[in-house]
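Please read the structure below before turning to the comments.
Derivation of every value follows stated rules applied to the coordinates shown; laboratory data play no part. Given the structure is predicted, the values throughout are model-derived calculations rather than measurements. Please note: Cβ atoms are built from the backbone with ideal geometry, for glycine as well, and neighbour counts cover all protein chains shown.
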């Protein structure tokens, strides 16, 4: 931990004296949300922000109060740029991100990170990546990726490895305390988290594609009756497959020529910057029968 604190910079490991009460309560609620959803994550962020505004009152700068700012992952590139400017103004000339007020660190870094980590545990990889992008937007050019000002400021830290031999086994073992004298420690933790989530997402998508290929083959095999006419049962089967896999677009539905239109897939929402896929569904074992959708409309 002393050599590589950037591997252990989890939000819940922050020293208790640096945590606000609303932040501590948020961590407790996240531990109780074993299957956190994107909607629940936004509600928890809103609840934390409202409690923080009430707790700090006039000590919380007006631009950071819940009446002027929304903690959310649904931000456009323009809004990300505006948020970068807002955070930079609040940081001022601080030489170390650890010197920033606790509320500033929490609102713009540790709360989104905590939500992303819990969403990842629930299999909500896309939503987790969206929360990470609120403080490190990897889709932007290199000079604009660090939305949270602390990730920029920590580049100037002079890395130190010195320890007091009299108490080094008892004092200063918290990774967040060690990171205060390590350059770009939080950036490294962010990048490791980002890469891990991208790999998990790619694997989840790969498994879904394999499942859909199997489902699609079965639909095509059963689509045409002996007389050459589409069967009602095949239609219902196709609807069930498309709804289960979140199919969009005419390409995937081209094999349904002559059938009534397939209802739009459920559970999708379009984020301003990219389409967000539905949550990972339970994988159907290969060869297992497909459960047809409800009867087709007359």
Relative contact order of the stretch 5-199, defined on C-alpha pairs under 8 angstrom at six or more residues apart (%): 30
In nm, spacing of pseudo-spin labels at residue 76 and residue 183 (7 Å Cα→C-beta vector): 3.8
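Quick check: from the Cα gyration tensor, does the stretch 32-156 come out rounded (a/c under 1.5), prolate or oblate?
It is oblate, given that a/c is not under 1.5 and a/b is not larger than b/c.
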Nearest-0.05 FRET efficiency for residue 24 and residue 144, computed from C-beta distance (R0 25 Å): 0.15
Cα-based shape type of the stretch 112-173, given that a ≥ b ≥ c are square roots of the gyration tensor eigenvalues and the cut on a/c is 1.5: oblate
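The stretch 159-203: Rg/Rh from Cα coordinates, Kirkwood Rh?
Here the Rg-to-Rh quotient is 1.20.
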Theoretical gain in end-to-end length, residue 171 to residue 46 [0.36 nm per residue, Cα-Cα removed]: 41.4 nm
Stretch gain in nm, segment residue 203-residue 8, where the contour uses 0.36 nm per residue and the Cα spacing is subtracted: 67.8 nm
